[in-house]
Amino acid sequence: MTKRILSCMQPTNRLQLGNYLGALKNWVKLQDEAKDGVSNQCLYGAVDLHAITNGHDPAALANATRETAAAYIAAGVDPSRSYIFAQSHVPQHAQLNWLLSSMTQMGKLERMTQFKDKAGKNAERASLGLFAYPVLMAADILLYKATHVPVGEDQKQHLELTRDIASVFNEKYANGEEYFPLPEPYIMGTATRVMSLRDGTQKMSKSAESDMSRINLTDDADMIAKKFKKAKTDQGNVPASDAEGEGRPEAMNLIGIYAALSDTDMQVVMNEFGGQQFSALKTALSDLAVAKLSPITTRMNELMGDVAEIDAILKAGAEKAQELTQPTLDDVYRMMGFLRG
């Protein structure tokens, strides 16, 4: 028995520590995981079609796609065991997107909170692509008949819409049979939510204005040390318990990052550093982050130094993805009544 797991990232800006701890680190575990005779077939996309829905730099898109794939590989995703592909290299994504859009209600899209957040007060000027983003996401998932999708809080609503669209298709075109499986959210234990180094109430983001708010996967040891040294904290010492950390988001963020990088519990970190000045925690955190991230940075730089290798990996991944998805697309066209040659 096999679980088919799909997860993707947009190639916008540079990937950062939150992407590694919240996603990439878990992707590698999923690739290697087998429980009770159930293995995982993992598909990891760089979703460049999504990246153009809210404005993008055409001159930077191709290289950003390469860098995203390089980060996957450098973090431990193995192209020989997992699919690594660029979304635009698999035209079946766009084709299924159009077919699914014909059965997706406008009202459901209007209720998507991410569209409201990204469009803001300029909703009337937002692109159709941004508005219909969740349908393309549904196409990404259903095209592969994925059974599980690792999602964060901000994507749960989109996954629910994907399940709704799959149900509509199954009822309308598959006579009530489950042609498209209803994908389940994949929960990887305790999720690591990495916050900004400048504001502990905001997620660490690759698009934040200040580069000092994040640790980029391409940062060298000196830059990592500088960013943690300047990370915002408060006037107290390192908390020794959750109770002492209440209302201190920056302090708990640093503790959480240390715990995630060292694969331990936050209380273990508080037992070690509680009561000390933040300088001790920041120094230890810098050393730990450099030890964990330096091999990734080095491998990314090697890969980006030979774009022909990255392009070959993406080409091979796209070919495998097309072999997997074309039969699904052919089925959908046939079931919806299209004339096929």
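Tabulated values for the structure
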{"read-out": "Pair list, Cβ under 6 Å, 6 or more apart: the range 1-30 residue more than 13 Å from residue 193 (Cβ to Cβ), other residue charged (D, E, K, R)", "value": "11/48; 13/206; 14/206; 16/206; 16/214"}
{"read-out": "Residues of the range 179-200 satisfying the condition of being of a type in the set (S, T, N, Q) and either surrounded by 21 or more Cβ atoms within 10 Å (Cβ to Cβ) or touching a strand residue (DSSP E or B) at 6+ places or on another chain (Cβ under 7 Å) (or both)", "value": "196"}
{"read-out": "Close pairs (7 angstrom Cβ cut-off, 6 or more residues apart or separate chains): of a type in the set (Asp, Glu) in the range 73-84, at pLDDT 95 or above and part of a loop (DSSP other than H, G, I, E, B) anywhere", "value": "none"}
{"read-out": "Listing of helices (runs of 4 or more DSSP H) fully contained in the range 146-257 that carry 1 or more residues being in contact (Cβ under 8 Å) with a residue 40 or more places away in the chain", "value": "156-173, 221-229"}
{"read-out": "Residue list for the range 288-341, restricted to those being farther than 12 Å from residue 69 by Cα, among the basic types (Lys, Arg) and surrounded by 15 or more Cβ atoms within 10 Å (Cβ to Cβ)", "value": "292, 320"}
{"read-out": "For residue 314: the one exception among (1) outside the structural domain of residue 92 (by TED's automatic domain parsing); (2) part of a helix (DSSP H, G or I)", "value": "(1)"}
{"read-out": "Test result for residue 128, closer than 20 Å to residue 10 by Cβ and either at pLDDT 90 or above or basic (Lys, Arg) (or both)", "value": "no"}
{"read-out": "Filtered residues of the range 213-241 (kept if under 23 Å from residue 74 (Cα atoms) and either touching a Gly at 6+ places or on another chain (Cβ under 9 Å) or surrounded by fewer than 16 Cβ atoms within 10 Å (Cβ to Cβ) (or both))", "value": "214, 215, 220, 221, 222, 223"}
{"read-out": "Some residue of the range 279-296 being in contact with a helix residue (DSSP H, G or I) (Cβ under 8 Å, 6 or more places away or on another chain), closer than 19 Å to residue 11 by Cα and in contact (Cβ under 8 Å) with a residue 12 or more places away in the chain", "value": "yes"}
{"read-out": "Cβ pairs under 7 Å, 6+ apart, first in the range 110-121 and without any contact (Cβ under 8 Å) to a residue 12 or more places away in the chain and surrounded by fewer than 10 Cβ atoms within 10 Å (Cβ to Cβ), second outside any helix (DSSP H, G or I) and among the basic types (Lys, Arg)", "value": "none"}
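Yes or no, residue by residue, for (1) in contact with a helix residue (DSSP H, G or I) (Cβ under 8 Å, 6 or more places away or on another chain); (2) outside any helix (DSSP H, G or I); (3) surrounded by 21 or more Cβ atoms within 10 Å (Cβ to Cβ); (4) among the polar types (S, T, N, Q):
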{"residue": "45", "(1), (2), (3), (4)": "yes, yes, yes, no"}
{"residue": "53", "(1), (2), (3), (4)": "yes, yes, no, yes"}
{"residue": "62", "(1), (2), (3), (4)": "no, no, no, no"}
{"residue": "72", "(1), (2), (3), (4)": "yes, no, yes, no"}
{"residue": "107", "(1), (2), (3), (4)": "no, no, no, no"}
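The values are calculated or read from the model by the stated rules, or taken from the named source; none is laboratory data. Treat the numbers as computed from the prediction; the structure is a model and nothing was measured. Positions of Cβ are generated from backbone atoms using ideal geometry, with glycine treated the same way; all protein chains shown enter the neighbour counts.
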